[in-house]
Amino acid sequence: MVQTKVYRVMFEGDAITTTVTSSGASVKGWLDEVFSVHHRRLHKLVVGLDVEWRPIFGRGYSPTALLQICVGRCCLVFQVLYADYIPNALVEFLGDSDYRFVGVGVGADAVRLSNDLGLDVANTVDLAELAAEEMGRRDLRNAGLKVIASAVMGVDIEKPDEVRLGPWDDYYLTDQQIKYACIDAFVSFEVGRMLLTGDY
């Protein structure tokens, strides 16, 4: 059973249209919309990227449950664990080296997507490295998204442990999980956009 729902997530006055889906067709539709809206800047598109999985305390491995991607005020939360199929459009999108996929620890997320789903991300930019370099702050090199967002955007992201360490492999995600997953990808996008354009 595939599902698609659209939510409006608020963050610092921004309304982020967030599509939560396990449908390959819905993912393709979301990407078509991104291409249509951003067609003039596709050659330098910045994309916030993050993944979630159920934390394991101890030995074992937990497969990737969610892939979040965000462009502008539009986020996609793709429940890859329950997907009916992975559309070719997503394979091509992630594999396009013209796009810059930004996030904290995004290289490790890309390895996970490759190992778990055979999805290769062509061009990753780690926000910790980028922020340290652009802002001349070595301390940001090992910082998480919360600290980097505060330094670059001047915003505070809430990251409650009960959500961060929660069951990301649940089929029905809570509103808190959806908000958390969306904001992580949105803030990654915003920080990446600001640092890459010098707009901070």
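The values are calculated or read from the model by the stated rules, or taken from the named source; none is laboratory data. Everything numeric in this text was worked out from a predicted model, so none of it was measured. When we count neighbours, we look across all protein chains shown, and the Cβ atoms used for this are built from the backbone with ideal geometry, even at glycine.
A few comments on the model shown:
- Screening Gly103 on (1) over 21 Å from Gly24 (Cα atoms); (2) without any contact (Cβ under 8 Å) to a residue 60 or more places away in the chain; (3) buried (at least 22 other Cβ atoms within 10 Å of the Cβ); (4) within 13 Å of the chain's Cα centre (by Cα) shows it passes everything except condition (2).
- Unmet criterion (only one of (1) out of contact with any strand residue (DSSP E or B) (no Cβ under 9 Å at 6 or more places or on another chain); (2) under 16 Å from Gly48 (Cβ atoms); (3) among the aliphatic types (A, V, I, L, M)) for Val91: (2)
- The lone criterion from (1) in contact with a Cys (Cβ under 8 Å, 6 or more places away or on another chain); (2) closer than 16 Å to Glu92 by Cα left unmet by Val27 is number (1).
- Condition check for Ala185: out of contact with any strand residue (DSSP E or B) (no Cβ under 7 Å at 6 or more places or on another chain), modelled with pLDDT of 95 or more, closer than 17 Å to Arg100 by Cα and of a type in the set (Gly, Ala, Ser): no
- Single condition Gln177 does not satisfy, out of (1) in a helix (DSSP H, G or I); (2) more than 20 Å from Val47 (Cβ to Cβ); (3) out of contact with any Gly (no Cβ under 7 Å at 6 or more places or on another chain): (3)
- Every residue from the stretch 120-160 that is over 13 Å from Val51 (Cβ atoms) and either touching a Cys at 6+ places or on another chain (Cβ under 8 Å) or assigned to a strand (DSSP E or B) (or both): Val125, Asp126
- Residue satisfying all of: in the stretch 37-56; closer than 15 Å to Cys70 by Cα and at pLDDT 90 or above; surrounded by the fewest Cβ atoms within 10 Å (Cβ to Cβ) among these: Leu45
- Filtering Gly107, Gly118 for residues that are touching a strand residue (DSSP E or B) at 6+ places or on another chain (Cβ under 7 Å) and not charged (D, E, K, R) leaves a single hit, Gly107.
- Checking each residue in the stretch 142-158 for being surrounded by 13 or more Cβ atoms within 10 Å (Cβ to Cβ) and without any contact (Cβ under 8 Å) to a residue 40 or more places away in the chain picks out Ala143, Lys146, Val147, Ser150, Ala151, Ile157.
- Candidates are the residues of the stretch 25-36 that are of a type in the set (A, V, I, L, M) and surrounded by 15 or more Cβ atoms within 10 Å (Cβ to Cβ); the one that is farthest from Gln79 (Cα to Cα) is Val34.
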